[in-house]
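Each reported figure results from applying straightforward, stated rules to the coordinates on display, with no laboratory input. Keep in mind that what you see is a predicted model, and the values were worked out from it rather than measured. We place every Cβ from the backbone using ideal geometry, glycine too, and count neighbours over all the protein chains shown.
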Amino acid sequence: MLSKHSLLLVLVAFMLLLAGCQQAGGAAPPSGVLASPLPPEGPAPPDEAEPDQAQSADSPTAEPKPAIASTLAKNEHGYARITVPQLVALRESADLFLLQVHFVHEWEIPDTDLFIALDDLPARLDELPPKDSLIVIYCRSGNWTQPAARFLAEQGYTNVADLVGGYSAWYAAGHPLLDRR
């Protein structure tokens, strides 16, 4: 019989496997989309703001959305580290290039522009947008984004950010993923 400690470890491993590989109920994702069973957390999106705080994009008097990308604080390596709520805000307010660098192309955030495995990044720089474009990098857990972001900053890219926690954090916050397996 398993000890309490061993049973707890098996249970935690099983829960992590379920959280990362299946949607609630264990059913396969419909048509390539992993719909998160978790409700979105955090503040309401900007499009749900009070009427005096936001104007409709269809309104002739609507002003362009501010580019909040320029307000991202860069670390000593020349890139920003952003959270899922920051990525959501950036996707709504800025023109960005979403780059996945995980070694195996399994899952991705919708509207990802390009997948390049981290090891292939140096040879494929010509596929990236201009060096002053906002490039947000992610992988499964965030471990590979930091070396990728640092590399791009060293190559002269001036507006690079990495997503803390990767697509696992995106999914855990209640956002969908696309199945690319």
Report summary line: From fewest to most C-beta neighbours within 10 Å, the residues THR112, THR158 line up as THR158, THR112
**Report entry** Efficiency of FRET from Cβ geometry, VAL104 and GLN155, R₀ 35 Å, rounded to 0.05
**Finding:** 0.90
**Report entry** Label point distance in nm, ASP132-ARG180, each placed 7 Å from Cα along Cα→Cβ
**Finding:** 2.9 nm
Query raised in the report: Hey, with R₀ at 30 Å, roughly what FRET efficiency would ASN75 and ASP111 work out to, going by the Cβ-Cβ distance, to 0.05?
Result: 0.70
Report summary line: Between the modelled labels at ASP120 and ALA172 (7 Å from Cα along Cα→Cβ) the distance in nm is 2.8 nm
